[in-house]
1. Determine which member of the set 92, 41, 26, 75 is in contact with a helix residue (DSSP H, G or I) (Cβ under 8 Å, 6 or more places away or on another chain) and either exposed (fewer than 12 other Cβ atoms within 10 Å of the Cβ) or closer than 30 Å to residue 9 by Cβ (or both).
2. For the list (1) more than 17 Å from the chain's Cα centre (by Cα); (2) in a loop (DSSP other than H, G, I, E, B); (3) surrounded by 11 or more Cβ atoms within 10 Å (Cβ to Cβ), I need the number of the one condition that residue 2 fails.
3. Would you pick out the residues in the stretch 44-59 that are surrounded by 14 or more Cβ atoms within 10 Å (Cβ to Cβ) and farther than 15 Å from residue 106 by Cβ?
4. (1) surrounded by 13 or more Cβ atoms within 10 Å (Cβ to Cβ); (2) closer than 29 Å to residue 70 by Cβ: which one isn't true of residue 35, the others all being true?
5. Filtering the stretch 13-43 down to residues that are in a loop (DSSP other than H, G, I, E, B) and closer than 22 Å to residue 105 by Cα, which residue is modelled with the highest pLDDT?
């Protein structure tokens, strides 16, 4: 197949056949770090209106994960109502076979700096 266009977008995923072919032919992966993968968990919470700041974004790295485990969290104050998307991501290359991403997410939500954001109930 021959494509003629000013711009071509390949949206078949990171391991698709066309993506691999084009990357190899054009050298798109040269001098690049390898891709990393993670597992993410997200909840949407309804918070007290006075605590909501539409558009506010907070990211963290680390805690409650140990120094050898890649991951972090996010808090996104959504534009709709007093809603906050809270999430936690853990890189899938973690070495501790007993690590449970869901439990780490629960620990994260109990941190004193995070907990006040959620007081007011959830949906």
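The values are calculated or read from the model by the stated rules, or taken from the named source; none is laboratory data. Small disclaimer: the values here were computed from a predicted structure and weren't measured. Reconstructed Cβ throughout: ideal geometry from the backbone, glycine too, with neighbour counts over all protein chains shown.
1. Details: 92 fails: in contact with a helix residue (DSSP H, G or I) (Cβ under 8 Å, 6 or more places away or on another chain); 26 fails: in contact with a helix residue (DSSP H, G or I) (Cβ under 8 Å, 6 or more places away or on another chain); 75 fails: either exposed (fewer than 12 other Cβ atoms within 10 Å of the Cβ) or closer than 30 Å to residue 9 by Cβ (or both).
After ruling out the rest, the residue left standing is 41.
2. It fails just one condition, (3).
3. First pass over the stretch 44-59, keeping only residues surrounded by 14 or more Cβ atoms within 10 Å (Cβ to Cβ): 44-47, 51-52, 58.
Of everything in the stretch 44-59, those that are surrounded by 14 or more Cβ atoms within 10 Å (Cβ to Cβ) and farther than 15 Å from residue 106 by Cβ turn out to be 44, 46, 47, 51, 52, 58.
4. (1)
5. Narrowing the stretch 13-43 to residues in a loop (DSSP other than H, G, I, E, B): 13-16, 27-37.
From what's left, closer than 22 Å to residue 105 by Cα: 36-37.
Details: 36: 82, 37: 89.
Only one residue fits best here, namely 37.
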